[in-house]
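Structure first, commentary second.
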Amino acid sequence: MQWSANNDGCAVACSNEAKAIGVKMDTPWFQLKDLAKQHGIIVLSSSYTLYGDMSDRVMTILRDFSPDVEVYSIDACFLGLQVLGKLWPAATEMG
């Protein structure tokens, strides 16, 4: 079982197994220590610096495919492919 801790402060992402034994989002780590030990839960610390860097790298790669990239959030964006329509007769071929 796994869950991630935001700055080792609270649960921010839980596996289905962790949820099944009662781990809830935003629960402070100090309230989950005993439960984690009892059930062998693996706790992973978040690295928002690394996550942001990886996001920037992905957005850069997407810009190689289209100049029309609208970043929506750190892990989501819209990629306009209209400009590339002349290169491929169908979107499936582009993919």
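The values are calculated or read from the model by the stated rules, or taken from the named source; none is laboratory data. Quick caveat, the model's predicted, so the values are computed rather than measured. Note that we place each Cβ from the backbone using ideal geometry, even for glycine, and neighbour counts take in every protein chain shown.
I'd like the full set of residues that are surrounded by 14 or more Cβ atoms within 10 Å (Cβ to Cβ) and touching a residue at least 40 places away in the same chain (Cβ under 8 Å), limited to the range 15-42.
Listed by number, the list holds a single entry, Ile41.
When the residues of the range 57-95 are filtered to those that are exposed (fewer than 12 other Cβ atoms within 10 Å of the Cβ) and charged (D, E, K, R), which remaining residue is nearest to Cys10 (Cα to Cα)?
Within the range 57-95, the match that is nearest to Cys10 (Cα to Cα) is Asp75.
Give the number of residues within the range 29-55 that are closer than 16 Å to Ala18 by Cβ, outside any helix (DSSP H, G or I) and among the polar types (S, T, N, Q).
First, pick out the residues of the range 29-55 that are closer than 16 Å to Ala18 by Cβ: 29, 31-46.
Add one more test, that the residue is outside any helix (DSSP H, G or I), and what stays is 40-46.
Add one more test, that the residue is among the polar types (S, T, N, Q), and what stays is 45-46.
Total satisfying the criteria: 2.
Could you please let me know if Ser45 is hydroxyl-bearing (Ser, Thr, Tyr) and either modelled with pLDDT under 85 or surrounded by 12 or more Cβ atoms within 10 Å (Cβ to Cβ) (or both)? Please lay out each step first, then the result.
On the way: hydroxyl-bearing (Ser, Thr, Tyr): yes; either modelled with pLDDT under 85 or surrounded by 12 or more Cβ atoms within 10 Å (Cβ to Cβ) (or both): yes.
So Ser45 passes the test.
In the range 4-13, which residues are out of contact with any Leu (no Cβ under 6 Å at 6 or more places or on another chain) and at pLDDT below 75?
Restricting attention to the range 4-13, the residues satisfying the condition of being out of contact with any Leu (no Cβ under 6 Å at 6 or more places or on another chain) are 5-13.
Scanning the range 4-13 gives Ala5, Asn6, Asn7, Asp8, Ala13.
Identify, please: which residue in the range 17-51 is among the polar types (S, T, N, Q) and in contact with a strand residue (DSSP E or B) (Cβ under 8 Å, 6 or more places away or on another chain) and is, among those, nearest to Asp75 (Cα to Cα)?
Residues of the range 17-51 among the polar types (S, T, N, Q): 27, 31, 38, 45-47, 49.
From what's left, in contact with a strand residue (DSSP E or B) (Cβ under 8 Å, 6 or more places away or on another chain): 27, 45-46.
On the way: Thr27: 23, Ser45: 18, Ser46: 14 Å.
Only one residue fits best here, namely Ser46.
In the range 54-84, how many are of a type in the set (D, E, K, R) and touching a helix residue (DSSP H, G or I) at 6+ places or on another chain (Cβ under 9 Å)? Quick ask: steps written out before the conclusion?
From the range 54-84, those of a type in the set (D, E, K, R) are 56-57, 63-64, 68, 70, 75; that's our starting set.
Then keep just the ones that are touching a helix residue (DSSP H, G or I) at 6+ places or on another chain (Cβ under 9 Å); that gives 68, 75.
Matching residues across the range 54-84 total 2.
Please find, among Val12, Val58, the residue that is assigned to a helix (DSSP H, G or I) and without any contact (Cβ under 8 Å) to a residue 40 or more places away in the chain. Walk me through how you get there before you give the answer.
Values: Val12 fails: assigned to a helix (DSSP H, G or I).
Among Val12, Val58, only Val58 is assigned to a helix (DSSP H, G or I) and without any contact (Cβ under 8 Å) to a residue 40 or more places away in the chain.
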